[in-house]
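Just so it is clear, none of the values below were taken in a lab; they were calculated from the coordinates. Everything numeric here is computed off the predicted structure, so don't read it as measured data. Counting neighbours? That spans all protein chains shown, and the Cβs are built from the backbone with ideal geometry, glycine included.
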């Protein structure tokens, strides 16, 4: 036990004295939260659009007014000639043009049918789709107000409710995503590098020629990084709650317990990598490419897994980050309890046990 | 016997590189045994096999009665090991390194302070300095302290004086002298021939083979051949001349003299000098020399290489 404590103390000293790494460990989650929270956003807000209308009449004006009032759009150009549309998009002045046909009010009044065309810049398909959707919604609302009391003989009324995230805030997706990715990256990379460092500097040679048990070397390595990862979890949660105003709906202790479990999963994976390679750079490369990439692709954070081809969906099951990401979304966003995530928990426990076992088995008691 | 090595063979890259070639020797309890040889002689491989870090391809070895393969964990308890490369934690201070390695071996610095006292007083003024910022000599002293702190029965010192200034080298060997009365067996390797005199017995090693094992005096005494010292202003030309000389076996420069080994031990210095003068080297002075360890090593090496 005393030896174990000496090892843990030594590891903390290594971490504490390497100020640059320590800074990265703490600053990275903060930076990512700010970047995702304020800079990178796929929410449509005050997007520039243009209106093409040969003749402004009363009806057109009131539709335009509605659109301009909405928080989604800002009208920055009024056009009178269809030739202008091309240039508007080319100069990247806005993402959508709403075209009203000639004599809009007349046609609406006499023919009971008037046409509006929505032209979107689909270079970024997601944003274009969202914007078109919002515009359709606003025009639909206007149409409904026109109908007034006159009841149609048949009508299907569509009412939409976005559960758990009515304002469609991206924070609900990226906070769990950032948490899962940061833990995957830091937990795995830092631990793997720290063991491989001992091999590179030769201190592993000294430790081998001593009575210490390999398991002690391994676990003492993991402990300081587990603590740092946990601090990162707290930083992210506090920032989500107080900087991004995102409510944490589920039980906070369940959330923290699950995070601790996932930290152990990533650490065990890091230990496994470090016991398989001899150079820090290789360890870092494997952590980044072999783990970070699949985590980005298969966690469901960036790309929905349901839309992937079947083989990729199956592959996604072996990526631990996916399970933690789902746990986070269930607990944090939906406020679900343990009974909904026991399967995920079991899978993570199984993975951790497996990685640890292999890591301990693979620990070489000799140099080669 | 503290150390028994029998027919150890070690190859790398699936047998392509022969590092240790059928090496056998024994070291007595409390003896200081030096393995002397140039870089690449196989010294480090041999040390790693004996410290249970590597497995030999064939052969047997035991350390204090423990087999290096079967009883490796026992050997790891009783050995002090100092690798050729400085391997302590560079970011930990002198004191922290020492405390850590004491704890690793289940002891404390206070308990075994007497073992390292002589050495530690020299590095104590720097006890708060990170080990990575020590000078080469200081590093070696600290490494020796860390290897000694658990009172090992046997010390493995792999090139402890490589890259250390001459004064620190001498100090280091003086420290090993003081360990003598503690009856700790020491296996030490070095590429410096002059350090052979500080070992009880030496093994000359080259390209994985041991060329000679004995006390330094016996190794020198058993050398049957003669060595001449040759002085001249025309070192280069003369050594070229000796290379094609019928009576000369080998010729190596040592500082400002040439050491020449004749093919026939009966050859006299005056005879050789005469032949040089005949060839136009008028300033040549040739005299008999007591062969030193380097002469012997050079000649053994030459035989080993089939020259």
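Counting pairwise Cα distances across region A:47-147, what percent come out greater than 18 angstrom?
Counting every Cα pair in region A:47-147, those more than 18 Å apart make up 44 percent.
Could you list B:207, B:185 in order of exposure, starting from the residue whose Cβ has the fewest other Cβ atoms within 10 Å?
Sorted ascending by nearby Cβ count, the order is B:207, B:185.
What value, in deg cm²/dmol to 500, does the helix sum -39500 (n - 2.57) over DSSP H runs of n ≥ 4 give at 222 nm once divided by the residues of chain A?
Result for chain A: -19500 deg cm²/dmol, rounded to the nearest 500.
Decide, for region A:288-368, between rounded, prolate and oblate: order the square roots of the alpha carbon gyration tensor eigenvalues as a ≥ b ≥ c, take rounded if a/c falls under 1.5, and otherwise choose prolate if a/b is larger than b/c, else oblate.
oblate
Counting only Cα, what are the radius of gyration and maximum Cα-Cα distance Dmax of region B:254-307, in Å?
12.7, 35
So what are the three principal axis dimensions of region A:120-238 from its Cα atoms, in whole Å, longest to shortest?
91, 30, 24
Among B:219, A:358, B:20, which comes first, second and so on when ranked by fewest other beta-carbon atoms within 10 Å?
Taking fewest neighbouring Cβ atoms as first place, the list is A:358, B:219, B:20.
Which order do A:70, A:368 fall in if you start with the one that has the fewest other Cβ atoms within 10 Å?
A:368, A:70
Grab the Cα-Cα distance for residue A:343 and residue A:315, subtract it from 0.36 nm times how many residues apart they are, and report the gain in nm with one decimal.
Gain in length upon complete extension: 8.3 nm.
Where does each of B:115-122, A:215-222 land if you order them by average Cβ count within 10 Å, highest first?
Sorting B:115-122, A:215-222 by mean packing, highest first, produces A:215-222, B:115-122.
How big is the shadow of the Cα convex hull of region B:227-290, averaged over all directions, in nm²?
Answer in nm², one decimal: 3.7.
Please express the Cα-Cα pair-distance distribution P(r) of chain A as a list of whole percents, one per 20 Å bin, running from 0 to the bin with the greatest distance.
24, 41, 24, 10, 1
In nanometres, what is the gap between the two model label sites at residue A:143 and residue A:249, each 7 Å from Cα along Cα-to-Cβ?
3.2
What spacing in nm lies between the two simple spin-label points modelled at residue B:266 and residue B:60, each 7 Å away from Cα in the Cβ direction?
Here the answer is 4.8 nm between the modelled labels.
Based on the Cα coordinates of region B:187-236, what is the per residue volume of their convex hull in Å³?
136
Could you check the simple spin-label distance between residue B:117 and residue A:12, using points 7 Å along Cα→Cβ, in nm with one decimal?
3.4
Write down the percent of antiparallel bridges among all DSSP beta bridges whose residues are both part of chain A, to the nearest 5.
35
For the protein assembly as shown, what are the per-bin percents of Cα-Cα distances with bins 20 Å wide, up to the bin holding the maximum?
14, 30, 24, 16, 11, 4, 1
At q = 0.12, 0.15, 0.17 Å⁻¹, what is the log10 ratio I(q)/I(0) for region B:15-124, with the Debye formula run over Cα points and no solvent?
Relative scattering, expressed as log10 I(q)/I(0), comes to -0.57, -0.85, -1.04.
Taking the inverse of the average 1/r across all pairs of different Cα atoms in chain B, what Kirkwood radius in Å do you get?
After inverting the pairwise mean of 1/r, the radius is 21.3 Å.
If all Cα-Cα distances of region A:1-61 are sorted into 10 Å bins from 0 onward, what percent lands in each bin, rounded to whole numbers?
16, 19, 17, 15, 11, 8, 7, 5, 2
What is the average number of partner chain Cβ atoms found within 10 Å of a Cβ in B:270-276?
The per-residue average across the peptide is 0.
Can you run the Rg to Rh ratio on region A:188-247? Use alpha carbon positions and the Kirkwood inverse-distance Rh.
Rg/Rh: 1.24.
Under a GNM of chain A (C-alpha, springs under 10 Å), which listed residue has the highest mean-square fluctuation: A:351, A:131, A:33?
Answer for the Gaussian network model of chain A: A:131.
First measure r as the distance between the Cβ atoms of residue A:157 and residue A:43, then evaluate 1/(1 + (r/R0)^6) with R0 = 25 Å and state the FRET efficiency to the nearest 0.05.
Rounded to the nearest 0.05, the efficiency is 0.40.
Round to the nearest 0.05 the FRET efficiency obtained for residue B:218 and residue B:288 when R0 = 25 Å and r is the Cβ-Cβ distance.
Result of the calculation: an efficiency of 0.75.
By the gyration tensor of its Cα atoms, with a ≥ b ≥ c the square roots of the eigenvalues, what is the shape of region B:65-113: rounded for a/c under 1.5, prolate for a/b over b/c, or oblate?
Since a/c reaches 1.5 but b/c is at least a/b, the shape of region B:65-113 is classed as oblate.
Given the options B:289, B:258, B:266, which has the most mean-square fluctuation in a GNM of chain B, springs set between C-alpha atoms less than 10 angstrom apart?
B:266
So what is the orientation-averaged projected area of region B:72-213, using the convex hull of its C-alpha atoms, in nm²?
8.9
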